[in-house]
Amino acid sequence: MGLAHTGGLVNLTAIEAGAVTAASNGGAGPDFEFTDVNPAGGPGGTYGVILSFGAPLDEIPVGSGNEIALFNYNCAASAEPGSVRTLDFSDALGSPPVATIISIVSGTTSASRIPIKVSGSVSVGTPAPSGLTCSVLDPCAGGSPDPGSSSLVQLSWTNEGTYDEVQVIANSNPNSPVQVLAGTATSTTLVLPVDNFVFIVLGVRNTVVSADSNSCGLNIVTTPVPDAPTGVTCSVDQVTGDTTVNWTNSGTVSAVDVSINGTLAATLGAGSTSAVVTIGGPGSYNICVRGANECGEFGAESCCTAVRDNFFIRNDMNQDGGSNIADPVAALNYLFGGGVLACLKSGDVNDDGSVNIADVVFSLNVIFGIPSGGSVPTVPDPAGACGPDPTPDALTCDSFNGCP
């Protein structure tokens, strides 16, 4: 048989025995075989085969799909996708020409038949892109008020041919590309909501769509906000109001907010676990801490209470604005007469953290100028004017007339 084609697009490189031909004679192959990939009258190729020269005669079964010969072609480098070349059976190839005919011999009887010939064609496809990869560039692309609800992703690939356009397909939906790009594109970005995605890319040339590239998948999830910090503590410097706040973050945080009574006092960097903020005058302050995820979204807060004691005047136990004999009398009444000191700190004249008879003696020495240890003692701050207690202790000061 002969098979002709027009030149330029495809080149015949080899002709091989087909499956049924190669399997003839118990797998030994045919007794005679002839091939010519460059016959006269070409381009084309000719093939002739005799299965058996002698008994037992082998035969090709009657039916369809019996592969007699394989004609191997390659495409010219200049072949454009969408180009088509017809492969026609021909009786004009070779010298002498080789006819397409089937001969059968049985005993002394032989018969030859010209088979029905159905020609075919070769079409040039578009090569598929390769090496597709997917990655998340930014998990915080959702915008306000929920940046963690979407992610910015990047797809990259290699073009294996010249394309008019590149189509990006998500979740096996080729009829609705998520993007149609220029044929030179080898990467793109997308903003994706929370979901699972599987991507492929297709190259298109002369309206011929390539096979699928390899696939890549992404699972886009919501970026969670941090849980509330734990172990939040406040330590107040009574003189300045500076308050040291310590805590433990519940996981990774990109920033930390510290607020006082609901007003932002400080924003700290990633992983911070302490801060110093300043509270106002005497009173109770609610200091709260919360952490942010990588998208800047803040989670729940935890709080501590910072108390700045009432200001007072030391050695003014009766709260009349001065220091005189009435003050140690008020202290004695508190110690032994069942009296009340609304500000115990004012009665701690020697600033030792307690109110006792030593404070009465200290007060009398100050009031009457009596030396103690070689000199007249002086009252520790705050003395003569309202102020905080510079020495931390357990004494309270519920109120003090004339002081904040």
*When both residues are 6+ apart or on different chains and their Cβ atoms are under 8 Å apart, which pairs have a first residue that lies in the stretch 66-91 and is in the same structural domain as T21 (by TED's automatic domain parsing) and acidic (D, E), and a second that is in a strand (DSSP E or B) and surrounded by 15 or more Cβ atoms within 10 Å (Cβ to Cβ)?*
E80/R205; D88/L3; D88/A4; D88/H5; D91/G2
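Looking at S64, S95, which is the one that is of a type in the set (S, T, Y), assigned to a loop (DSSP other than H, G, I, E, B), out of contact with any helix residue (DSSP H, G or I) (no Cβ under 6 Å at 6 or more places or on another chain) and closer than 25 Å to S24 by Cα?
Numbers: S95 fails: closer than 25 Å to S24 by Cα.
Matching residue, one of S64, S95: S64.
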*E294 passes all but one of (1) outside any loop (DSSP other than H, G, I, E, B); (2) under 30 Å from V221 (Cα atoms); which number fails?*
(1)
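If I ask for residues that are under 33 Å from the mean Cα position of the chain (by Cα) and crowded, with 18+ Cβ neighbours inside 10 Å, which ones from the stretch 239-254 would you list? Spell out how you get there, then give the answer.
Filtering the stretch 239-254 for residues under 33 Å from the mean Cα position of the chain (by Cα) gives 245-254.
Result: V245, W247, N249, V253.
Here's a check for you: in the stretch 319-329, which residue that is assigned to a helix (DSSP H, G or I) and either touching an Asp or Glu at 6+ places or on another chain (Cβ under 9 Å) or not assigned by TED's automatic domain parsing to the domain that holds C397 (or both) is surrounded by the fewest Cβ atoms within 10 Å (Cβ to Cβ)? Don't jump to the end; show me each part of the working.
Filtering the stretch 319-329 down to residues assigned to a helix (DSSP H, G or I) leaves 326-329.
Checking which are either touching an Asp or Glu at 6+ places or on another chain (Cβ under 9 Å) or not assigned by TED's automatic domain parsing to the domain that holds C397 (or both) leaves us with 326-328.
Details: A326: 14, D327: 27, P328: 25.
The qualifying residue surrounded by the fewest Cβ atoms within 10 Å (Cβ to Cβ) is A326.
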*Can you confirm whether the stretch 136-145 contains a residue that is part of a strand (DSSP E or B) and hydroxyl-bearing (S, T, Y)?*
no
*asked:* Go through (1) more than 24 Å from the chain's Cα centre (by Cα); (2) surrounded by 16 or more Cβ atoms within 10 Å (Cβ to Cβ); (3) more than 30 Å from C386 (Cβ to Cβ); (4) not aliphatic (A, V, I, L, M) for T223 and report which single condition fails.
replied: (1)
_Residues being closer than 24 Å to S83 by Cβ, of a type in the set (S, T, N, Q) and modelled with pLDDT of 90 or more - total across the stretch 120-147_ = 2
_Matching residues, the stretch 383-404, being touching a Ser or Thr at 6+ places or on another chain (Cβ under 9 Å), buried (at least 16 other Cβ atoms within 10 Å of the Cβ) and not aromatic (F, W, Y)_ = A383, P388, L395, C397
*asked:* Tell me the residue from I60, I104, I116 that is in the same structural domain as T6 (by TED's automatic domain parsing), in contact with a strand residue (DSSP E or B) (Cβ under 8 Å, 6 or more places away or on another chain) and either of a type in the set (A, V, I, L, M) or at pLDDT 85 or above (or both), please.
replied: I104
*Which members of the stretch 23-59 meet the condition of being among the hydroxyl-bearing types (S, T, Y) and more than 22 Å from P96 (Cα to Cα)?*
S24, S52
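The values are calculated or read from the model by the stated rules, or taken from the named source; none is laboratory data. No experiment lies behind these values; they were computed from the predicted model shown. Every residue, glycine as well, gets a Cβ built from its backbone with ideal geometry; the counts of neighbours run over all protein chains shown.
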